[in-house]
Amino acid sequence: MKNIFRPNTGWAVLIIAMVILYGSFYPFAFHGPLDHDGPFLDLLKTWRNKPGRGDFLANILLYTPLGFFGFYALKKEGLPLINRYAISIGMGVALSTFVELTQYYDTGRDQELTDILANVTGTTCGAVAAMLIIGNYLTQITKGQVQIAESIRPTPLMMIGALGAYKLFPYVPVIDMHKYYHAIKSLLDISALNAGSIIPYLVTWLTLVQLTRAAVGRRYFSPFLALILAIFALGKIFIIGLGFNPNEVVAITIAVLSMPLF
């Protein structure tokens, strides 16, 4: 069978799908069959339900990367544009339908046909975005990725990933303006500052700065560290159960100011 995927790009689609599955089933409280009509009929019964704006938008955004990378991962050679669209959008339809049917067995999760509509909309938006920006822009990115890959050292990069996984657990985003407000408001809680608490955070972030320098080299040190800090900040704001700790923010500030020493 002819391979229709670009080399070394299918992994991105797989990772995105795994993130979607994790966010859709967390905290994985599965149970046996209910005394209902079954997952398929129960899903069909929700066709009149009106979705909340926040949930609908969140589902669109969740599946947009799947459509983008799904479209980009498909080869141009010998594969018509309409087929690339059909396959990438089909990924979203299949994954979304699987999630909604499986959520029948997941405590605390609700089946909604409108979720499938939002998910397919997000996948379609991602595929369209991929078509619009594919070309010289992505070619330049690919060349840049090759240059970066040549300077990356896997061991410190894996250690950075492990630290990030620890810091951003449980990885589940939430749409709640009050949560965002309190996460940011905690930055101003000066009364929580304590030198004894700052030191452990400082050790962690100084180590991370060193790992970053070892992982990508001097050339990509600053942008890579900026990316790590941006992911950390967004995670603290949007992931359920997380928030800023003033002591850690002070430690991060000291670690960043020490960058010229590395």
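Please give the length that would be gained between Asp176 and Ile240 if that part of the chain were fully extended, namely 0.36 nm times their separation in residues minus their C-alpha to C-alpha distance (nm, one decimal).
22.1 nm
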DSSP H helices in the chain with Cα extent of 18 Å or more along the helix axis and mean Kyte-Doolittle hydropathy at least 0.5?
10-25, 53-72, 81-102, 113-133, 154-167, 195-216, 221-238
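With a probe of 1.4 Å, find how much accessible area the chain has per residue, and write the answer as a whole number in Å².
Each residue of the chain exposes 59 Å² on average to a 1.4 Å probe.
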For Ala226 and Phe25, what does the FRET efficiency come to when R0 = 45 Å and r is the distance between their Cβ atoms, rounded to the nearest 0.05?
0.90
Length released on extending from Phe98 to Ser191, taking residue separation times 0.36 nm less the Cα-Cα span:
28.7 nm
Accessible heavy-atom area order of Val209, Val120, Val128, Val19, highest first, probe of 1.4 Å:
Val19, Val128, Val120, Val209
Any idea how far apart Lys75 and Asp37 come out in nm if each label point goes 7 Å out from Cα toward Cβ?
4.6 nm
If one builds a Gaussian network model of the chain from Cα atoms under 10 Å apart, the most fluctuating residue listed among Ala251, Ala214, Ala226 is Ala226
How big is the dipole moment of the chain about its Cα centre under a simple scheme where the beta carbon of each Lys and Arg is +1, that of each Asp and Glu is -1, and everything else is neutral? Debye, nearest 20, please.
1040 debye
So for the pair Leu261, Ile15, with labels modelled 7 Å out along Cα→Cβ, what separation do we get in nm?
3.2 nm
The set of residues whose placed amide H lies less than 5 Å from the amide H of Val172, leaving out same-chain residues fewer than 5 positions away, is Ile240
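Give the carbon-plus-sulfur fraction of the accessible surface of the chain in %, rounded to a whole number; probe 1.4 Å, heavy atoms of protein chains only.
70 percent
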Rounded, prolate or oblate: pick one for the chain, where a ≥ b ≥ c are the square roots of the eigenvalues of its C-alpha gyration tensor, a/c under 1.5 means rounded, and failing that, prolate if a/b is larger than b/c, else oblate.
oblate
Sorting Gly161, Pro80, Asn194 by the position of each Cα along the dipole of the chain (Lys, Arg +1; Asp, Glu -1; all at Cβ), the one nearest the positive end of that ordering is Pro80
Taking r as the C-beta separation of Arg53 and Asn83 and R0 as 35 Å, the FRET efficiency to the nearest 0.05 is 0.55
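The values are calculated or read from the model by the stated rules, or taken from the named source; none is laboratory data. Quick caveat: nothing in here was measured; it's all calculated off a predicted structure. Don't worry about glycine lacking a Cβ; one is built from the backbone with ideal geometry, like all the others, and counts go over all protein chains shown. When the accessible area is computed, the model is the full protein with side chains, heavy atoms only, and any ligands, DNA or RNA have been set aside. Shrake-Rupley method; radii C 1.70, N 1.55, O 1.52, S 1.80 Å.
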